[in-house]
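The structure appears right after this line, and notes come after that.
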Amino acid sequence: MSQLSVLERMLEKRRAGITPADLHERVRSLHKHGLKVGTPAWLCLGAALGLSLLGIAAISTTETAIAAKQLVLLGLGLFAAAVAATPNMRWLQIMAYPLLILSLLLLVFVLIPQVPESIVRPRNNARRWINLVVFDFQPSELAKIAYVMALACYFKKNRNYRTLRGLVPLLVVTFVPMGLIVVEPDLGTAMVFLPTMFAMLIAAGGKVRHVLLIVALGLVLAPSMYPLLKPHQKDRIKAMIAQSTGDERYVNDIGFQGDRAMMLVGSGGVFGNGRTHAADLVSFNRLPEEHNDMIFAVICCRWGAVGALLTWAMFGLFAIGALLTAATSRDAFGRLVPVGLTAIVLTQMIVNTGMTIGVLPITGMTLPFVSAGGSSLLASWLMVGLLVGIGLRRTRAVTRESRIFGAGDDAQQ
Amino acid sequence: MATVTQRTPATEFHKRLIMLAGLAVVVMAVLFVQLARLTVVQGAAHRHEAETVLDRRTYLPTYRGRILDRHGRVLARDQASYDIAVAYPVITGEWAVEQAEREARRQVGGAWTEMTDAQQQDVIGRTLPEFRAKEQALFDAICDLGQITPVELDERLNAIRRRVQRMAAEVWENQRLAEIDRLGGDPKNFEFEPRPIAEQVEAHTVLTDVPDETAFEFMLLVEDEPSMLEVRDARRRVNPIAEQVVTLDRSTLPRPVRSDSTSLIHVHGVLDHVLGGMRGEVWKEDVDRRPFRLGGGEVDLGGYRRGDSVGSTGLERVFEDHLRGLRGMINERRDTGERTRTEPTPGKDLRLTIDAVLQGKVQALLSNGFGLTRVQPWHHNQVLPLGTPLNAAAVVIEVETGEVLAMASMPTVAMGAQMTDTQRRYERPFIDRTVEAVYPPGSIIKPLVLLAGASEHEFNLGSTIACNGKYFEDRTRPRCWIYREVHGFQSHGPLTAEDAIARSCNIFFYTLADRMEMETLLKWYDFYGIGRRIDVGVSYMVSGEDGARIPAGQVAGHLPTFEDAQRWRMDGQYDYNTLIMGIGQGPLTWTPMHAANAYATLARGGAVRDATIIADDLSDDEPARQPPMPITSRAVDAALEGLRRSVTESYGTSNHIRYDDLSTEPMMNAEGVTVWCKTGTAQAPLIDLNRDGEIDESEQQRRLDHAWCVGLVGPAGSNRPLHAFAVIVEHGGSGGRVAGPVANQIIHVLQEEGYLPGANTAGTSTTADATGGGGAP
């Protein structure tokens, strides 16, 4: 073979690149010839384990007792994941709607004022938690997962979501759990539903222009929703705007948390402060919620930008694993659930780390796997279990015609 | 083909997955940029800021620099003392209740929460007396150690309670309105939970200026209950010379007030206009100008923070940065326990040219109690009854150096503090009349006009100008002062320059002014300092409404501009204004400081050296010198000769005072000195002082002119004056007879203090004793 022809072939290959189709085929062939249990969902599990351990290490910076408890909860999480991975996809689909209804009922339950405080104890005037002795269970966490499963079922069974009118029931179904969570109030968690819905809609083949239209409409309407916000929510938006414009007016009140978080993130520099110094900095600067919503600030303070990038990289790995699981799945449910779960995890991660570094307003949102807290960790591990379950059960019988992207698809022809 | 059917549907889904992944990557890119900005770009700054909380800082107070007189006497200094402040809950009695409840909980332990309210109250009732007793013991100790009666203490505590309650009500109302504004809702039924304001938690000063031992006793007293009381370090600024009892000789006074005894004059507020004072609160302007916290955890140890005192008036304000020291700091790292100590740097001293004793004496002899600044028979005052007190000011400058030895303005700030508002409006005690009040120069300008005219060769020294009583043939005005009915429409006839000054002939100086024309005259007046702020050291800048910097503390006086002259040429006022400006009337004003300074310039043969009260050379840049004028020494000699004759010759206006029985006495009676002197009258316009829109009787009485006496003094037989002085007595009436005797006494005290030879009163013990130490409470 002449030198030239080798170069030409290489060039040709470069030009062609790796198409999504190639990728799909390659993973499929890997699966065909390789291990039966080989699934990209293991990447999710690895990433989740890494993040959880990182979280425990970060929590132990200032709160060793909570870190120990978190380690126990991690065991519980792994068990929950195993449970979630057990039922096959048919069962999951059967369970989807009842699960959603159950979680909606629980969401209503926490809002009932007559429920005794021993069961639902409001914190900071928010009714979000049900006391399960070992940990406080947050129904909204369950609702997110149930919502993703139910939505996947809905997309699988219906095709009208490709019309504008078909989007209406979708939006209605979305706004019910969202509304209940907003009332708690927990605007942060409620907001997760929208990106999740859009991601699943796009993945399911919904028209991009519909999504853009809704997003544009939302952006136009958002300012008019501002007066409906609670005072503390307005404060947080004000504080963030002030913070990003260098206005130090609110540094000691409504902007305190954001200001401290940014300062501690910055203090980590590139390589971090090490454990004891980071602990001193975090506790003496009185960072609120340092083991919980603000755990990313502790990570940055202790391990620096390197730690932050590592965290993000593990979330990236999780997303890659989940999306590959979706990519290799042959079933609409199995394709859409990983997309929805990825959307939840990434949205929470982006909102949480974004607020910590000052590009988004402060909102009560945990960093999945990493933040201390039973509900959050268990829910996150439930997702991992679902992903692994889906990954392990790729439908052998090839569905000739996927319900997604059926004939008459406008995008291709 | 199976593969094809499998691939085609898959591709679009995968594209969409990649699209979503791409979206996530874009969002993450934003976060990445922000992370890089925080950690890499601003990382060091953020780390520094975060680490500042690891420092526990204690600040050590510093001493403000002293202000000293020319002989090193202390005019102002910091004095350490302590304030005793009682915690507000103790003042209200809540402290005992809180402590009792805490003690009750401690005694009962875990069972507390199971007890009913009544049971709890019962236990509290048993523990309460102990704490009530502690409160009472503290109050007893305050009365005992602070030497106040229980009634006085109650008054003080009530005053604190009232003040704090009023403050809290105001703060809460503002907070409530802000909440309503923020949250919306019905203002009437709005639920607002007031939180205690800082003043309801803090301690409040009950005893001030407590000595060390007492402070220590208080510290011991509350050793086991430190929350009850605070012993505060309270440095005070004291002016040890502010209150002086001055002994003045009366043997050289005019006959009606003369005696062989001496007078003890108590002077309140010696030099207080000049020294100024402090304010105990820090304003936003101070913090803006020099903030204590610089951001990023850095502090400026000389910056302003709550509780600092700040120079608010006078030299304390002007030299704030010079006098203010740097506080000290003890820095303890909370993580490592490492301690670093920065010692406080005291402020720099400020040395003045003022002689504190001379200043006290000059103020004493300007005091109404001494008699010269009351309406006296020899004043021939047609308006005010005998004995009416008059306000006055005097300046003494050393000719050679321009150093101000004394600058006295009566009434003083301290006297003003005792006045009613109405009195203050009339007497204006807070104005330093030596540098902040302007008067028309009147006849005291005449030697300076001669100097100008002769140097400009508009007048040939040795020749004469004839005075016919009036300047124009066909008009009676402008006229000479002597061309009046009371004097039988006399005239001076032909006059030499020297006699023209001695006799204070108007016609002579109208002529000089007319010959020079207004523009030349303006040039010379500018040279003498009229219309220019002679910065003796007490002027400072304030921010005007539009943010512009406005000079304050000293005034410039008024001098018409060339444009004014041009305008007057147009509207026909030029000639008249030129003439009257030649005798120091018309649109001209200056301060006593200007007058003394101009005479010192004359005595130096025209060398300009601005008067100053600051002995240390603190200015970085040399002040712009006036361009020298073409002064001839013959002109200087003639002007001085005129001033000398004014005193020595019987026709001189500064020669004698005349009584109602037409007998006379020399105005200047100090022996062993030569006096060069000029008296003058400054027209006083009627002013609506209380701004009620009409001129009432009290304002009517202030229609009399101000009396000037300005001059030079030196050893007898010398033609080199050593000191320049300027005296003004407000509304005292015409010229020399009012201000002259004051100037005469100034010369006497200059002799007593050794500034002039030949004290004829060497026998009298005229020492001024400074009642220093405490300062006014």
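Computed from the coordinates by the stated procedures, all read-outs in this text should not be read as laboratory data. Everything numeric here is computed off the predicted structure, so don't read it as measured data. When we count neighbours, we look across all protein chains shown, and the Cβ atoms used for this are built from the backbone with ideal geometry, even at glycine.
Multiplying each eigenvalue of the alpha-carbon gyration tensor of the range B:547-702 by 5 and taking the square root yields semi-axes of 30, 28, 21 Å, largest first, rounded to whole angstroms. Judged by the gyration tensor of its Cα atoms, with axes a ≥ b ≥ c, the range B:9-118 is oblate; a/c meets the 1.5 cut and b/c is at least as large as a/b. Of all DSSP-defined beta bridges confined to chain B, some 95% are antiparallel rather than parallel.
Direction-averaged projected area, Cα convex hull, the range A:283-348: 5.0 nm², rounded to one decimal.
A Stokes-Einstein calculation at 10 °C with viscosity 1.306 mPa s, built on the Kirkwood radius of the range B:421-546 over Cα pairs, returns a diffusion coefficient of 92 µm²/s. The shape of the range B:634-674 can be summarised by an equivalent ellipsoid whose semi-axes, obtained from the alpha carbon gyration tensor, come to 24, 12, 5 Å from longest to shortest. Entry for the range A:252-325 at q = 0.14, 0.16, 0.22 Å⁻¹: log10 I(q)/I(0) = -0.46, -0.57, -0.87, Debye formula applied to identical alpha-carbon scatterers, no solvent contribution.
Pair-distance distribution P(r) for the range B:264-353, from all Cα-Cα distances in 10 Å bins starting at 0: 14, 38, 27, 14, 6, 2, 0 percent.
Above 23 Å, the calculated P(r) of the range B:58-188 contains 64 percent of its Cα-Cα pairs.
Given 20 °C and 1.002 mPa s, compute D for the range B:473-578 with the Stokes-Einstein relation, Rh being the Kirkwood radius over Cα pairs; round to the nearest whole µm²/s. Approximately 126 µm²/s, per Stokes-Einstein. Each part gets one Cα centre, and for the range B:487-543 versus the range B:378-400 those centres are 22 Å apart.
In the range B:199-351, the C-alpha radius of gyration followed by the widest Cα-Cα span (Dmax) gives 22.8, 82 angstrom. Net charge in the neighbourhood of B:Thr353 (other residues with Cβ under 11 Å of its Cβ; Lys, Arg +1, Asp, Glu -1) is -3.
With N counted as the residues of the range B:340-429, its alpha-carbon radius of gyration over 2.2 N^0.38 Å works out to 1.55.
Taking a ≥ b ≥ c as the square roots of the eigenvalues of the Cα gyration tensor, an a/c ratio of 1.5 or more together with a/b no larger than b/c marks the range B:193-236 as oblate. Of the DSSP H helices in chain B, those that are both long (alpha-carbon extent of 27 Å or more along the helix axis) and hydrophobic (Kyte-Doolittle mean at least -1.0) are B:2-36, B:117-146, B:150-183. Charge tally around B:Leu253: other residues with Cβ under 15 Å, Lys/Arg +1 each, Asp/Glu -1 each, net +2. Above 21 angstrom, tally the Cα pairs of the range B:108-176 and express them as a % of all pairs, no decimals. Across the range B:108-176, Cα pairs with separations above 21 Å total 57 percent. The convex hull built on the alpha-carbon positions of the range B:134-279 has an orientation-averaged projected area of 17.3 nm². Global dimensions of the range B:550-614 from alpha-carbon coordinates: Rg and Dmax equal 14.8, 46 Å. Considering only B:Ala198, B:Leu521, B:Ala437, and ranking their Cα positions along the charge dipole of the protein assembly as shown that arises from unit charges at the beta-carbon of Lys, Arg, Asp and Glu, the one farthest toward the positive end is B:Ala198.
Normalised by residue number, the volume inside the convex hull of the Cα atoms of the protein assembly as shown is 294 Å³ per residue. Charge dipole of the range B:545-654 (Cα centre as origin; +1 on each Lys and Arg Cβ, -1 on each Asp and Glu Cβ, all else neutral): 540 debye, rounded to the nearest 20. Each of A:Leu323, B:Ala607, B:Val738 was placed along the dipole of the protein assembly as shown (beta-carbon charges, centred on the mean Cα), and the one lying farthest toward the positive end is A:Leu323. Taking only the C-alpha atoms of chain B, Rg followed by Dmax gives 36.4, 145 Å. The trypsin sites (Lys or Arg not before Pro) of the range A:259-305 that DSSP puts in a loop, and whose beta carbon has at most 14 other beta carbons within 10 Å, are A:Arg286. P(r) for the range B:513-628, from all Cα pairs and a bin width of 5 Å, is 2, 10, 18, 20, 18, 14, 10, 6, 2, 0 %, short bins first. Here the gap between B:Ser543 and B:Arg691, fully extended at 0.36 nm per residue and compared with their Cα-Cα distance, gives a gain of 50.8 nm. For the cross-link pairs B:Lys284/B:Lys348; A:Lys156/A:Lys207; A:Lys156/B:Lys15, the ones whose C-alpha atoms lie over 21 Å apart are B:Lys284/B:Lys348.
Magnitude of the charge dipole for the protein assembly as shown, about its Cα centre and with charges confined to Cβ atoms of Lys, Arg (+1) and Asp, Glu (-1), is about 7760 debye. Averaging the Cα positions of each part gives two centres, and for the range B:67-88 and the range B:283-303 these lie 24 Å apart.
Over all orientations, the range B:293-333 has a Cα convex hull whose mean projected area works out to 3.6 square nanometres. For the protein assembly as shown, the mean residue ellipticity at 222 nm estimated from helices alone is -15500 deg cm²/dmol, where every DSSP H run of n ≥ 4 contributes -39500 (n - 2.57) and the total is divided by all residues, rounded to the nearest 500.
At q = 0.28 Å⁻¹, what is the base-10 log of I(q)/I(0) for the range A:81-131 according to the Debye formula with one equal point scatterer per Cα and no solvent? Please give it to two decimals. Debye intensities relative to I(0), on a log10 scale: -0.98. Translational diffusion of the range A:94-214, estimated by Stokes-Einstein from the Kirkwood radius over alpha carbon pairs at 25 °C in a medium of 0.890 mPa s, is 161 µm² per second. Of the residues B:Leu756, B:Val90, B:Phe459, the one whose Cα sits farthest towards the positive end of the charge dipole of chain B is B:Phe459 (charges of +1 on Lys and Arg Cβ, -1 on Asp and Glu Cβ, taken about the Cα centre).
Each Lys and Arg Cβ is given +1 and each Asp and Glu Cβ -1; about its Cα centre, the range B:580-706 then shows a dipole of about 700 debye.
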